[in-house]
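One structure is given here, and the rest of the page talks about it.
The values are calculated or read from the model by the stated rules, or taken from the named source; none is laboratory data. Please read all numbers here as calculations on a predicted model, not as lab measurements. Neighbour counts are summed over all protein chains in view; Cβ atoms, including those assigned to glycine, are modelled from backbone coordinates with ideal geometry. All accessible areas refer to the heavy atoms of the entire protein, side chains included, with ligands and DNA or RNA removed. Shrake-Rupley method; radii C 1.70, N 1.55, O 1.52, S 1.80 Å.
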Amino acid sequence: MARPSVLIVEDEREIADLIQFNLVRAGFDATTVHRGKDALEAIRKSPPDIVVLDLMLPDQDGLEICRRIRASAEGSRIAIVMVTARGDEADIVTGIELGADDYIPKPFSPRVLVARVKAVLRRSGESRPGNTKRIQIGDGRLSIDPERHVTLIDGKTVELTLTEFGMLHFLAQRPGFVRTRDQIIAAVHGRNVVLSSRTVDVHMTALRRKLGDMGALIETVRGVGYRLAEGEIASAE
Ligand code: CA
């Protein structure tokens, strides 16, 4: 099997070297660029499987690069992990809404970096269930059937409101990926539901409670949004 390829975009050379060293040791084929304007050029010439993108670059905003990658022809197939300074929650939220898959706050340990990059790569390679496919998570204990609008835990029906069901289904479509409040609102919008970013939290609390012990699968990502913990995911016809 070919080694997964990673493009590192990081202006601080010591950090870039550290990232490259650890990813190469973990089996990646790694290339580094130090300037934002070289990133898009490198991606066009040879699209990598994943981009590790520092958001603070001297010549270009990392968020703009993220947006441009997603807008490019090859961009939808490339996983993006942002590297951010701690406390940059607003940038993280924007980055995820622009299509980044995950983020790593600085300073990070090489072990965490490698684990996150591998996780994102693994998840983006998985086939995603469509909007109407039944989703099973948590070793199959939690089952979500969007066509029949039914949620089951251990075979028993859980009564959810339209909003709760919409939120759960949205998170369950990509387990392990953080979703911002605005993304959640957009996803349930059109289900005859009106939701504000403040009421997302209220509905999420109610949803967790109704899911009982499975409610712990819904993780709050502070300052960013929510994520459904990775579990066994199997989609059935
Ligand atoms: Ca930087």
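Just for the range 217-229: of the residues that are part of a loop (DSSP other than H, G, I, E, B) and farther than 11 Å from ALA172 by Cβ, which one is most open to solvent (accessible area, probe 1.4 Å)?
The qualifying residue most open to solvent (accessible area, probe 1.4 Å) is ARG222.
I need the full set of residues from the range 93-111 which are open to solvent by 50 Å² or more (accessible area, probe 1.4 Å) and over 16 Å from the mean Cα position of the chain (by Cα), in order please.
Within the range 93-111, PRO107, ARG111 qualify.
Residues to consider are ARG44, ARG13, ARG25, ARG3; find the one that is within 13 Å of the ligand (Cβ to nearest atom), of a type in the set (Lys, Arg) and at pLDDT 90 or above.
Just one listed residue meets the conditions, ARG13.
Looking at (1) at pLDDT below 95; (2) within 12 Å of the ligand (Cβ to nearest atom); (3) open to solvent by less than 10 Å² (accessible area, probe 1.4 Å), which is the only condition LEU53 fails?
(1)
So the check is Cβ under 7 Å with 6+ separation or different chains; which pairs have a first residue in the range 65-83 that's assigned by TED's automatic domain parsing to the domain that holds ILE15 and more than 16 Å from the ligand (Cβ to nearest atom) and a second one that's at pLDDT 85 or above and of a type in the set (Ser, Thr, Tyr)?
none
Within the range 56-111, how many residues turn out to be in contact with a Cys (Cβ under 6 Å, 6 or more places away or on another chain) and not aliphatic (A, V, I, L, M)?
Residues flagged as in contact with a Cys (Cβ under 6 Å, 6 or more places away or on another chain) and not aliphatic (A, V, I, L, M) within the range 56-111 amount to 1.
Every residue, every condition in (1) of a type in the set (Lys, Arg); (2) farther than 18 Å from GLU230 by Cβ, yes or no:
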position	(1), (2)
THR132	no, yes
GLY140	no, no
ARG174	yes, no
ARG179	yes, no
ASP182	no, yes
ALA206	no, yes
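Quick one: how many residues across the range 67-92 are hydroxyl-bearing (Ser, Thr, Tyr) and open to solvent by 40 Å² or more (accessible area, probe 1.4 Å)?
1
Pairs only if they're at least six apart or on different chains, beta carbon under 6 angstrom, first in the range 34-61 and on the phi < 0 side of the Ramachandran plot and of a type outside the set (S, T, N, Q), second within 10 Å of the ligand (Cβ to nearest atom) and open to solvent by 30 Å² or more (accessible area, probe 1.4 Å); list them, first residue then second.
That search, which allows pairs on different chains as well, returns HIS34/ASP11; LEU57/ASP11; PRO58/ASP11.
Among (1) under 19 Å from VAL120 (Cβ atoms); (2) more than 12 Å from the ligand (Cβ to nearest atom), which single condition is GLY62 missing?
Of the numbered conditions (1) under 19 Å from VAL120 (Cβ atoms); (2) more than 12 Å from the ligand (Cβ to nearest atom), the odd one out for GLY62 is (2).
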